[in-house]
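The values are calculated or read from the model by the stated rules, or taken from the named source; none is laboratory data. Here the structure is a predicted model, which is why all the values come from computation and not from measurement. Virtual Cβ from ideal backbone geometry, glycine too; neighbours counted across all protein chains shown. Just the protein is used for accessible areas: all its heavy atoms, side chains included, with ligands, DNA and RNA removed. Shrake-Rupley method; radii C 1.70, N 1.55, O 1.52, S 1.80 Å.
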Amino acid sequence: MKKLFMYIIGVFLTGFVSCSQKELIAHYERPEWLKGNVWEILEQRGDFTHFLRGAELAGFREVLDGKTITTVFAPSNEAFQRYLSLHNATTIEQIPLKELKKLIGYHLVYYSYDRFRLQNYQPNGSEHIEPNFAGLYYKHRTRSQDTISVDLDKTDGKSKKVYHKDRFLPVLSNTHFQTKGIDPAANYDYFFGSARWKGADGFNVANAGVVEYAIPADNGYLYIVDQVLEPLNTVYETLSAQTAFSDFVAIYDRYRNFTYDEQTSRDYAAAGDSLYVLNHGNLPAIASEWTSYGLTGSFDYFDLGGLSYRAFNVFAPSNQSLQAFFNTYFAAHYRSLQEVDLLPLSLLINNHVYQGSVVFPSEIGKNPDIKTSYGTPIAFNPNTDVLAKAIASNGAFYGLNKVLVPDLFNSVTGAALRNPKYKIFMYMLYNSGLYQTLSSRDIEFTLFIPTDEAILNTLYGDSYIFWSEGNPLVFGDEAVLVENSEGIRVPLSQRQQELFVSNHVAYGKISSLQDKKVYRTRNPFSYIYTQNGDVYSMSAYNAQQGIAATNISGSWYNGYSYEPSESLLAENGTIKFTLLGAESASNPLHNYAEFSKLLVRAGLLQTGNSLSFLFGNRFLLFAPDNQTVLKGLQDGLIPTNNAALAEYLKAYFVSVADNSLSDYPFPGFGVQGTWNTALRTGYNVYRQLTLVDNGSSLLLRDGDNTTIPITNVLPKVFADGAVYPIQTLLKK
């Protein structure tokens, strides 16, 4: 019985193992719907001999033969024959090997993409789908690339070996156009020709329609296309081939530079060689095959999402339109466009490039995201203003019959950008970032633009200002310098340049310098005065030295520009220090020398501890003049006891910070109210003064309602406060 039981179990296990083996074999057998690798499928079909022969000659058979995962776009023999005829060839062997590698490689995309993933590629995977970006990740890395080239670097006179990364292939899906809400056929055909759109239910691949989608293979997916895919060049190369836009390219090439690529040199350079990437300084990197904003040293699959989405859209003006622009804006000061300084040209060029999603004609003037780097909309008529256009491997190109003039050239900054005699100030405008602020259409300004000569004669702090041109072929090598305490010239910091420029920026339109008026500058607690045809910075006013200024003619849409005979500087001196020398006739506060003596007698101007009761805050000083103080002493209106005098004098000081003032009071400014003085009368209680702005004058009102007019003289403003003249004493 036992033997019988063991026999039955043995038969059962034998059958079980046999069945399991069959199931395992069935599981790992090639499904019937897989027909082999891409090479085998195309070979079996028999209509792709040109393409297969080209792949073999170009060294890509292993890619098709299953050695790697890939997506292949294969043109039929008929499509290839049309291509050969168009290029004056009869056989694939007549195509130079270098060109053949580039051509066949453009049909081979890295990684395996089915139809859905090409229609709506989502780089972050199915768990992080971005509905608002459906179809907008539109281009994919291919195996097509140019060979290493050698270019001359004019900045140092040396030849550089330039490495060219793989081209990207645009796959323009119906989903892409649906997301943008624009007609796919009209926008695709705008670039590729009438009736070329075949992607109503899928997509077009660059210049080709898809005949058969996503044929599964062992090593990826195969797509049959109706055209040979013409390898697309970068926007820069596309532009360079257009003679009508050679001036735009020539301007671009003035910023041409070469960046050493350490990673690429390690991976691809011959022993002892260095490989470089071609860039164009601070201009958008339209020569970069990877649309990576000029980033170098990255591994090959760096930021595939960004590379798939980003595009350089270049709206290049024609030679004729650039010449017309030169005649209007520069001809009075330069002999040719190539002589114009690099800074204004860079601002001009940047106004003609949009970096973001690839731009189609139906979006121009309608998509609010399509704007310049200065925030202004890019608008033109795609039907009447465009002389040439193309989709490139890293973006799109529109050749225009007009220049998109940046607002900067017609705002109050216009004169600085147009005339080279204002070069240093122009660079300070740029370095500080204020060139964009001053092109606002919502705020009116008056800009005082000193010449280079005036700036170089400016004592800024303890040093004169110097200018270094650096390498004239390298934009960004220029520098504004000052000498440090050791006599070494060092760059003026961005913040220092901003403060300098801001002292030359007045809010509002100053149409005349004759009137006695005060204007806020962009620096807080800093002002510009005008009277009798002169302009006064705070430093100049304290020295009673008016600065002549000439109106710079031009139609500046947001204000006026003037050329002052010297730089407008803030007053670096302090009231505390200046009062100590007030007895000197040349001292700016000489009219308050007697008040200064009272402060000294009361012990409030001690060296190293001057006006310590103000705790270092900015302050307003309502100062009685010499005659008023002398008469007050004679009439016994001023305490004689030094301690009492010290307390009394504090009533003339108002702390700006403690009273939350953001501005000094001037007639018409509306800065008024009841404020605590520095005189404490109890616990957290202070003697108060009320200032009233009557529009044309200011007056003080004491606690007992005594009215004290403020003399109709503009106050003197220092680094630590402002001094207002009065001719009536406060009561003891």
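Protein heavy-atom accessible surface, 1.4 Å probe, per residue over the chain: 45 Å². Heavy-atom accessible area with a 1.4 Å probe sorts Val535, Val490, largest first, into Val490, Val535. Atom-type composition of the exposed protein surface of segment 633-689 places 46 percent of the accessible area on carbon and sulfur (1.4 angstrom probe).
Annotation: amide H-H contacts under 5 Å for Thr234 (H modelled 1.01 Å from N, sequence separation of 5 or more, or interchain): Ser393. Karplus-based coupling profile of segment 271-277, in residue order and whole Hz: 4, x, 8, 10, 10, 10, 10, with θ = phi - 60° in 6.51 cos²θ - 1.76 cosθ + 1.60 and x standing for Gly or Pro. Computed over protein heavy atoms with a 1.4 Å probe, the carbon and sulfur contribution to the accessible area of segment 209-335 reaches 47%. DSSP beta bridges confined to the chain are antiparallel in about 75 percent of cases. Computed from backbone phi, the HN-Hα couplings of segment 607-620 come to 4, x, 9, 5, 6, 4, 5, 8, 6, x, 6, 4, 8, 9 Hz, rounded to whole numbers (Karplus: 6.51 cos²θ - 1.76 cosθ + 1.60, θ = phi - 60°; Gly and Pro given as x).
Taking the centroid of alpha carbons for each part, segment 667-719 and segment 120-191 are 66 Å apart. Recomputing volume of the Cα convex hull per residue in Å³ from the coordinates shown identifies the correct label among (i) 210; (ii) 292; (iii) 169 as (ii).
The overall shape of segment 612-732, judged from the alpha-carbon gyration tensor, is oblate: a/c is not under 1.5, and a/b is no greater than b/c. Is the shape of segment 478-585 best called rounded, prolate or oblate, per the rule: a/c under 1.5 gives rounded, else a/b larger than b/c gives prolate, else oblate, with a ≥ b ≥ c the square roots of the Cα gyration tensor eigenvalues? Note, shape of segment 478-585 comes out oblate.
Surface composition of segment 58-198: carbon and sulfur atoms hold 51% of the protein heavy-atom accessible area at a 1.4 Å probe.
Annotation: amide H-H contacts under 5 Å for Asn257 (H modelled 1.01 Å from N, sequence separation of 5 or more, or interchain): Asn279, His280, Gly281. Scanning residues 5 or more positions from Lys389 or on other chains, those with amide H under 5 Å from its amide H are Gly399, with H placed 1.01 Å from N in the peptide plane. For segment 200-214, backbone phi angles converted through the Karplus equation (6.51, -1.76, 1.60; θ = phi - 60°) give residue-by-residue couplings of 4, 10, x, 6, 9, 10, 6, 8, 10, x, 9, 8, 9, 9, 6 Hz, Gly and Pro being listed as x.
Each of Val205, Gln606, Phe397 was scored by the projection of its Cα onto the charge dipole of the chain, and the greatest displacement toward the positive side belongs to Gln606; charges sit on the C-beta of Lys, Arg, Asp and Glu.
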